[in-house]
Amino acid sequence: MATHTEHELLDDIKLEYPKKYKVYLLNDDYTSMDFVVNILMSIFHKSYEEAEAIMLEVHKKDKGLCGVYPHEIAETKVMQVTRRAKESGFPLKATMEEE
């Protein structure tokens, strides 16, 4: 059985979950649709069908949601997209926004 002091401590402890961040790909006029699908499958681990749907969302709505992650993972995915796009000669950009 918990003592009075233990109850006070339990009441004072608030669990805070880490903030989550949405990672988006942004549309441009130069990056190929195949490259975007490949990025979504390789970096964001989407199935071909999911990747194609997100790619079409990027194309039609100027941005598409790739996933929601803790800050460090979201930041890493944005950097991976940027690096892979640059290496392949595409201007594809990824951004992250707090959920």
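Laboratory data are not the source of any read-out in this text; all were calculated from the coordinates shown. Note that the coordinates shown come from a computational prediction; the quantities given were computed from them, not determined experimentally. Note that each Cβ is placed from the backbone with ideal geometry, even for glycine, and that neighbours are counted across all protein chains shown.
What residues of region 57-71 lie in the reach of a label at Lys20, counting those whose backbone N is under 13 Å from a point 7 Å from the Cα along Cα→Cβ?
66-71
Taking R0 as 22 Å, what FRET efficiency do you get between His59 and Gln80 from their Cβ-Cβ distance, rounded to the nearest 0.05?
0.55
Mind listing the phi-derived Karplus ³J(HN,Hα) values for region 90-98, rounded to whole Hz, using 6.51, -1.76 and 1.60 with θ = phi - 60°, and x for any glycine or proline?
Per residue, the Karplus-derived 3J(HN,Hα) values read 10, x, 3, 10, 10, 10, 10, 10, 4 Hz.
For region 29-68, with only Lys/Arg (+1) and Asp/Glu (-1) charged at the beta-carbon, what is the dipole magnitude about the Cα centre, in debye rounded to 20?
So the dipole magnitude of region 29-68 works out to roughly 120 debye.
Counting Lys +1, Arg +1, Asp -1, Glu -1, what net charge surrounds Leu65 among other residues with beta carbon under 15 Å of its beta carbon?
+1
Spin-label point model (7 Å from Cα, Cβ direction): what's the Asp28 to Glu72 distance in nm?
According to this spin-label approximation, the distance is 2.9 nm.
Average projected area of the Cα convex hull of the chain, in nm²?
Over every viewing direction, the Cα hull of the chain projects on average to 8.6 nm².
Report, in deg cm²/dmol and to the nearest 500, the calculated mean residue ellipticity at 222 nm for the chain, where each DSSP H run with n ≥ 4 adds -39500 (n - 2.57) and the sum is divided by the residue count.
-16000 deg cm²/dmol
Could you point to the residue in His71, His45, Pro18 farthest towards the positive end of the chain's charge dipole, with +1 and -1 charges on the Cβ of Lys/Arg and Asp/Glu respectively?
The residue sitting most towards the positive pole is His45.
Taking amide H atoms as placed 1.01 Å from N in the peptide plane, list the residues 5 or more away in sequence, or in a different chain, whose amide H sits under 5 Å from that of Lys46.
Close amide H contacts, sequence-distant or interchain: Met41.
Using the Cβ atoms and a cut-off under 11 Å, what net charge is assigned to the surroundings of Pro91, where Lys and Arg are +1 and Asp and Glu are -1?
With Lys, Arg at +1 and Asp, Glu at -1, the net is 0.
Quick check: net charge around Lys20, other residues with Cβ under 12 Å of its Cβ, Lys/Arg +1 and Asp/Glu -1?
Counting the neighbours of Lys20, the net charge comes to -2.
What order, most packed first, do the peptides 21-30, 40-49 have when packing is the mean number of other Cβ atoms within 10 Å of each residue?
21-30, 40-49
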